[in-house]
Structures are given as C-alpha cells and as structure tokens.
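The block underneath contains the structure these notes are about, expressed in structure tokens.
The values are calculated or read from the model by the stated rules, or taken from the named source; none is laboratory data. Everything quoted here is computed from the prediction, not taken from an experiment. Every residue, glycine as well, gets a Cβ built from its backbone with ideal geometry; the counts of neighbours run over all protein chains shown.
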C-alpha cells in the first residue's frame, strides 16, 4: 500500500532572470516501511522535492502543478486510479463526469440539510424501552442520503483530487487553498525531516533538549515533564546519554548533532521521515554508525523513509528503491538491485561509473563530461542530451516518457530498451 504518492510534481523558483524549473514533473511512490533513495548531482532538485512535500519552500518557491497523496483512504485511492486510467487521454470526458457528479451531489447536500433541520424540529417519540428518538422514518432516510452523499463525495474527490486532513491538493496555478493549515497538523506528527547540515539545524541559543520538548508539546497535549521524559528516551534511543539533554548545540560533536536531529525527527513517531543528506560532513566511521542507526530505527518503528543524497554508496546500503534525478526530472527509478545491476539510463550509468567500488574488477573512474544545465532555460527534449554519449536527434526534440524495462524499473530515455539490451550483452 502506497504511503506517499508524488505525481507529476512541479516546483519553480522566481528570480530576476526568470523562473528556475527546479522540479519539473517527477512521479514516484513510497510504501509503508519502505526506504527510497533520491540521488543526483547537486542542484538537480532533490531537496526541493522534499521541501515541497513538507511545504517548507522559501518565499520565492512555488508549486506549479502535480499532486501529493499521503495516507489516502483506500476507497478514494482505488477510484482515483480507476479515473486516471479512464480519462488518461480524455480530459474533456473527465470534466463532463465531474459536472455530472456535482449536479447530483449539490441537490443531495441541500436535501440532507433540510432533513437534518426537520429531525431537529420533529417531536421526540418514546419507544417500548422507554427511550426517546426522532421519527424513525426520517432517521432511516437520513442514513440512506448520508451513504449516497458519501459515495458521491468519494467520486468527486477522486475526480478532482480535493483533499481532507491527510491528502494534499495542488492546483496548476500554484494555489494551495488551506494546505498550509493542514500540513501544520501533520508535519512532525506524520511527516518529519532530518535537515541537511545538522550543524546548523538547531537554534544555537536554546538547549537541544528544550527544542525537542517544544516540538512535542506543540503537537501533543502533554505536560512539560512528560515531554522531557520523552526527550530523554529519544536521546537514549539514538545513543546519546540522557544527561546531555541540557547541553547547547555547540557542546555536541558533529555526530552527536546528527543523532540529536534524528531524535527530533522521531519525537512524535511519524510514519514517514525525509532524511536530507544525513551523513554530510561526517567521517566514514560516524557515517557508518548513522546509517546503521537509521536501518535499526526503521526496522523497529516500521516507518517509511526518503533519503536524499548525492552519494550512491549511501542509498545502496540502506534503500529498497532508488530514484535518480537530473535537472529537475526523474531519469530512472526502480528497486536498488535493478538500478545498480541493470542500469537503463546513460546518466545513471555515468553516475555509477564515477564512484569507486571496493568489490569486483578494478577499473578507471570516468566522470560525466560537461556541467548540469541552466534551469532557467533548460535544454529542449531530454535535459541530459548535451552530455550524453548516446544522444540522437530525437533526444533534442521531445522529452522522453517513462519506459518500463522490467517490472517496477522505469527509465526516462528514448532508447531505454536499446541501452538496457546493450548493457546486458556486455555482461
């Protein structure tokens, strides 16, 4: 069951030179208890995607399109997928269906209101047991109308992607309706984030423990003593002595700050954690300990995670699936073993070829020539084509669609099948 589904998400930044297309239409899903690694060169849009999910974008960042589904009710999810398939190439038909459902739902809502008013005014009737109730006929009709209205609401929700508490609707014009209010309720309780650079993530003038306690008391109705006890448990959980709860950030080492940041992210037992470069600036020994800590916590808490990094060795160690991003787009996505062993995109092959391996035959590292494109004016077609050794005319003319080279393994390359077959022949 998908815990998080991101569909055709677009995030642009307004600057003096124009609009930076930081994320320009990415799609992926993360299941409950699953870990997904999001990799790519610096500036490819990994962190921007995470900030869009948590609504922590800077003032000049705007969500220009797409949908984010989080903990979507199964009934609505099934209907939405059904409608997606039915109206994939017929937007006009979708609009007609929305109009049809709305025309049935509007008078039904009116009838429900009138019935509720009648029930409120109707005299109470004494039953055989001595209890009182309103007219049984009216109550039966109310139950029938409520069920019918609920079904129509589900249909309309699936058709229009309108949202309740744990579903997020994003319009093409970038407006978020009451999204800000909704995300505040679930941020940290359902979705939390381990920020990039724990060195600077904590407020330097407040004690680390107090910052964790504040996060707990803001979202849960508990006393300060209960929140403090929870903070002590979290410190012990991540391997920091509970007696360090009253220390300031500058009194922690880099590895301890990273662990404290993990403790803060886990304060309210979220079902989904985004870890943005969780091992940045750490030595290899501390990095290995942090990764082991993340794996242990995930197994114990059955939480889903998205790990953002430019280091493919990190995601190889902890991730179930990998998404490879470049210039705001997804290049390849699949299970970790699929992407590493059966690479199906030239960019992924170049990225993997630039990292050393301690196993297998020694080979010369080959870097990807050139530089990432300017995202104010990205290249036409596939954004990687100016640096791709396999590029052809079609790569310059149109953006490639996803090609499923094997079950669950998708490559966004015009010649994905051809490249995949060629790499298999070389093995």
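Annotations
- Filter result for residue 284 (buried (at least 21 other Cβ atoms within 10 Å of the Cβ) and either more than 23 Å from residue 220 (Cα to Cα) or not assigned by TED's automatic domain parsing to the domain that holds residue 28 (or both)): no
- Residues in segment 270-284 that are in contact with a helix residue (DSSP H, G or I) (Cβ under 9 Å, 6 or more places away or on another chain) and free of Cβ contacts under 8 Å to residues at least 60 places away in the same chain: 279, 282, 283.
- Residues that are under 29 Å from the mean Cα position of the chain (by Cα) and either in a helix (DSSP H, G or I) or within 15 Å of residue 152 (Cα to Cα) (or both) were ranked within segment 82-96; the one that is modelled with the lowest pLDDT is 91.
- Residue match in segment 152-171 (condition: under 24 Å from residue 50 (Cβ atoms), over 20 Å from the mean Cα position of the chain (by Cα) and at pLDDT below 90): no
- Filter pass, residue 324 being closer than 18 Å to residue 276 by Cβ and not in a helix (DSSP H, G or I): yes
- Test: residue in segment 336-345 that is outside the structural domain of residue 25 (by TED's automatic domain parsing) and on the phi > 0 side of the Ramachandran plot: no
- Subset of segment 179-227 (residues that are free of Cβ contacts under 8 Å to residues at least 40 places away in the same chain, in contact with a helix residue (DSSP H, G or I) (Cβ under 6 Å, 6 or more places away or on another chain) and under 14 Å from residue 260 (Cα atoms)): 209, 213
- If you filter segment 286-321 down to residues that are modelled with pLDDT of 85 or more and within 22 Å of residue 375 (Cβ to Cβ), you find that the one that is nearest to the chain's Cα centre (by Cα) is 306.
- Extreme residue, surrounded by the fewest Cβ atoms within 10 Å (Cβ to Cβ), among residues of segment 393-416 that are under 16 Å from residue 340 (Cα atoms) and free of Cβ contacts under 8 Å to residues at least 24 places away in the same chain: 407
- Of the criteria (1) without any contact (Cβ under 8 Å) to a residue 60 or more places away in the chain; (2) not assigned by TED's automatic domain parsing to the domain that holds residue 18, which one residue 313 fails: (2)
- Residue 268 surrounded by 15 or more Cβ atoms within 10 Å (Cβ to Cβ) and part of a loop (DSSP other than H, G, I, E, B): yes
- When we screen 405, 376, 324 for residues that are over 29 Å from residue 288 (Cα atoms), at pLDDT 90 or above and touching a strand residue (DSSP E or B) at 6+ places or on another chain (Cβ under 6 Å), the only hit is 376.
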